[in-house]
1. Could you tell me how many of the residues in region 99-128 are at pLDDT 75 or above and more than 19 Å from the chain's Cα centre (by Cα)?
2. What are the pairs, 6+ residues apart or on separate chains, where a residue within region 181-201 that is closer than 27 Å to I101 by Cβ has its Cβ under 6 Å from a residue that is small (G, A, S)?
3. Scan (1) surrounded by 13 or more Cβ atoms within 10 Å (Cβ to Cβ); (2) modelled with pLDDT under 90 for the single condition H73 breaks and write down its number.
4. For the condition closer than 30 Å to I184 by Cβ, modelled with pLDDT under 90 and hydrophobic (A, V, I, L, M, F, W, C), what is the one hit in I59, I82, I88?
5. Go through region 1-11 residue by residue and tally those that are in a helix (DSSP H, G or I), open to solvent by 30 Å² or more (accessible area, probe 1.4 Å) and touching a residue at least 60 places away in the same chain (Cβ under 8 Å).
6. D16: surrounded by fewer than 15 Cβ atoms within 10 Å (Cβ to Cβ), under 29 Å from V132 (Cβ atoms) and under 25 Å from the mean Cα position of the chain (by Cα), yes or no?
7. So D26 ticks every box in (1) open to solvent by 80 Å² or more (accessible area, probe 1.4 Å); (2) touching a residue at least 12 places away in the same chain (Cβ under 8 Å); (3) closer than 16 Å to S142 by Cβ but one. Which box is left unticked?
8. Output the number of residues of region 39-58 satisfying the condition of being in contact (Cβ under 8 Å) with a residue 12 or more places away in the chain and within 27 Å of the chain's Cα centre (by Cα).
Amino acid sequence: MNDIHFAQKLKKTRSDLAITQQQLADQLHVSRKTVSGWETGRNRPDIDMLRQMAKIYHISIDELVSDAKASEHQQISIAKPISPALRITRTSLDIILAMLITGRFTQSPTYYQGFIPVDWLFVFALGLRLFVSRWGLKVIHSLRSPIFLSVYSLFVVISLYSAFTNLLDMGLNLQYISTVVGVIGIVNIITILILQKMASNRKP
C-alpha cells in the first residue's frame, strides 16, 4: 500500500469510529500534530503505535494496514464495532425511556403531582441515552467514564428515592415504574463494569 492510501485508511478508520485526532493522540501519548502527519502521509507510525491504534480500534494490525480497497463487508465490520456492554446499555436505556413514557401518559390525572419526578427521570434517561449514541461517545469516550457512571448512578438513586418517598403523589403505577427503572439501572451499571473489566483482561 502506498503512503497516500495508508494515510487515507488511517484517517477513515478513525473517523468511522467517531474518534477525533486529539482523542487518539491523548490515548497514544503523542501530539495531535503527529496524528495529523500520519493521516496526511507526511510520516508513518512505527509498529508499536500501529499495535496501540489497532487495540483502540478493536481490530487487528492486519486490518488496520490492509489495502484501502478492502471489501465493503470488511469496511462495515471495522467501522461499526459495538461492544456487548454498549449494546446492553443502549437497550436498557431504551426500555427505561419506554417505561417512563408509558407510565407518564397512562397514569390517572389524580396523581398529577407525581408527574414532576417522572418527567425529571425521563429527561435524565434521555440524556444518558444521548451519551451512548455515536455522537455522545465522543464526549465520554467509554462507558466506564466517570461522567457517565456518575450521572447514571445519580439517576438510579433518584429513581429509587422517588419511588419510596412519593408514593401518595405518584400512585402505585408510577411507583412501580420508578422502582423497576432504578433496578434496571443498577443491573446495567454492574453489567458495564463486569463486561468492560473482562474485555480489558482479554487484551494482550
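1. Of region 99-128, the ones at pLDDT 75 or above are 99-106, 116-128.
Add one more test, that the residue is more than 19 Å from the chain's Cα centre (by Cα), and what stays is 99-106, 116-121.
So the count comes out to 14.
2. If the second residue must be small (G, A, S), the pairs left are V181/S159; G182/S159; I184/S92; N188/S92; I192/A85.
3. (1)
4. Going through I59, I82, I88 in turn, the sole match is I82.
5. Count: 2.
6. no
7. The single condition D26 does not satisfy is (2).
8. Count: 9.
The values are calculated or read from the model by the stated rules, or taken from the named source; none is laboratory data. In this text the structure is predicted, and so the values were computed from the model without any measurement. No Cβ is skipped: glycine too gets one built from the backbone with ideal geometry, and neighbour counts run over all protein chains shown. Protein only, heavy atoms only, side chains kept; ligands, DNA and RNA dropped before computing areas. Shrake-Rupley method; radii C 1.70, N 1.55, O 1.52, S 1.80 Å.
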